[in-house]
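Here's the structure, in structure tokens; my notes come after.
Just so you know, all these numbers are worked out from the coordinates, no wet-lab data involved. All values derive from a computational prediction rather than experimental measurement. Positions of Cβ are backbone-derived with ideal geometry, glycine not excepted, and every protein chain shown enters the neighbour counts.
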Amino acid sequence: MASGGLDRDEIMRAVRDAGEEWAGAMRAHKLAPPDPGFASRIRQLAEAAAREQAAWEHAHDAGLMWRPVPGAETAQPPYELRPGTGRRGPEDLWARFDQAVAALNRAITGSDAAAVADAFGELSQSAATLAEAVEREDRSRGLGDDDAQEHERRVRSRGAA
């Protein structure tokens, strides 16, 4: 057993599954309509980043390394998450999110699984805090869970096609 009672195959499966979830969360932002479900997509990103963090903590404990992504330090998040695109929510929380994205991009250029896990953890925390703030703003504007549920239905139907 390598880490927390998980064997190497279980850890590799967790890493693969977390990576697929992360990719799906990123695709949801890329394929997003202009606004419906924005807070929900940010929350999904936070949850995917948390799973990446856990998977890479286990991988690090098992002695596994991250495969570096050359040039990642200049990568941009999907359009709706970039500064200057009309993203909703408190600027200070977006600044924290932007810093977390930059830290993750730096971490994934190296091979240190612990650094990658930490960067995913910070991104998860900042995205979760941001999602809560956007949800509060949406409620104050009269937008409710129906908007998020409608978006989720559309995303699922696109994925099934």
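Things to note:
- Each 5 Å bin from zero up to the one holding the largest Cα-Cα distance in the stretch 8-160 carries the following percent of pairs: 2, 10, 17, 22, 19, 14, 10, 5, 2, 0.
- Relative to the 2.2 N^0.38 Å rule of thumb, the stretch 6-63 has a C-alpha radius of gyration ratio of 1.31.
- Cut-off 12 Å between beta-carbons: net charge of the residues surrounding THR109, Lys and Arg +1, Asp and Glu -1: 0
- Annotation: extensible slack from GLU137 through LYS30 equals 36.3 nm (criterion: 0.36 nm per residue apart, minus Cα-Cα distance).
- Estimated FRET transfer efficiency (GLU73, ALA95; beta-carbon r; R0 25 Å; 0.05): 0.85
- If only the Cβ of Lys and Arg carry +1 and only the Cβ of Asp and Glu carry -1, the dipole of the stretch 1-138 around its Cα centre is close to 400 debye.
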